[in-house]
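Reviewing the structure listed below.
Values in this text are rule-based calculations from the coordinates and carry no lab data. Because the structure is a prediction, the values reported are computed rather than measured. Positions of Cβ are generated from backbone atoms using ideal geometry, with glycine treated the same way; all protein chains shown enter the neighbour counts.
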């Protein structure tokens, strides 16, 4: 399940395609945020990009949501990804809002803009009553986005060898934002 086409003020949101892996290679170059993702850093950039995109396409095919392409309206360039993701946290299925922006576009509010759209979509369409974000405890930029979404820090866990915070927002709290 994914949003087929949507727009925010500055973004066009569409599903990812295999061909996006060529542009997404930029995500794996000189990106200090990669340490927060638990990626196999021994893979070459091309293989990392293809594997990332293939994982999202697999999520689509298996109704597990998936990241979607964020296209900047002005330039028509792919600048990042955001979406709802099905995650298993401590044996429980949760819906996560995940977001990744190419470093060139950090600090411009794109992650927040896209994540707000997905948060609202999930609650407006009654997909879930609660959303999470899984954030490496060193990733202050992602924590700032979660704060702007109205999420609160809930618990600390270790996932895939990385210590993370689970941020959460419940639908009843979202209504009052």
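Per-structure values
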read-out	value
Set 89, 166, 95, 175: member being buried (at least 21 other Cβ atoms within 10 Å of the Cβ) and either free of Cβ contacts under 8 Å to residues at least 40 places away in the same chain or farther than 21 Å from residue 24 by Cβ (or both)	166
Filtered residues of the stretch 66-77 (kept if surrounded by fewer than 21 Cβ atoms within 10 Å (Cβ to Cβ) and either within 15 Å of residue 119 (Cβ to Cβ) or touching a helix residue (DSSP H, G or I) at 6+ places or on another chain (Cβ under 9 Å) (or both))	72, 77
Members of the stretch 147-163 found to be within 18 Å of residue 110 (Cβ to Cβ) and without any contact (Cβ under 8 Å) to a residue 24 or more places away in the chain, listed by number	147, 151
Matching residues in the stretch 98-122 - criterion: being more than 24 Å from residue 175 (Cβ to Cβ), out of contact with any strand residue (DSSP E or B) (no Cβ under 7 Å at 6 or more places or on another chain) and in contact (Cβ under 8 Å) with a residue 60 or more places away in the chain	103, 104
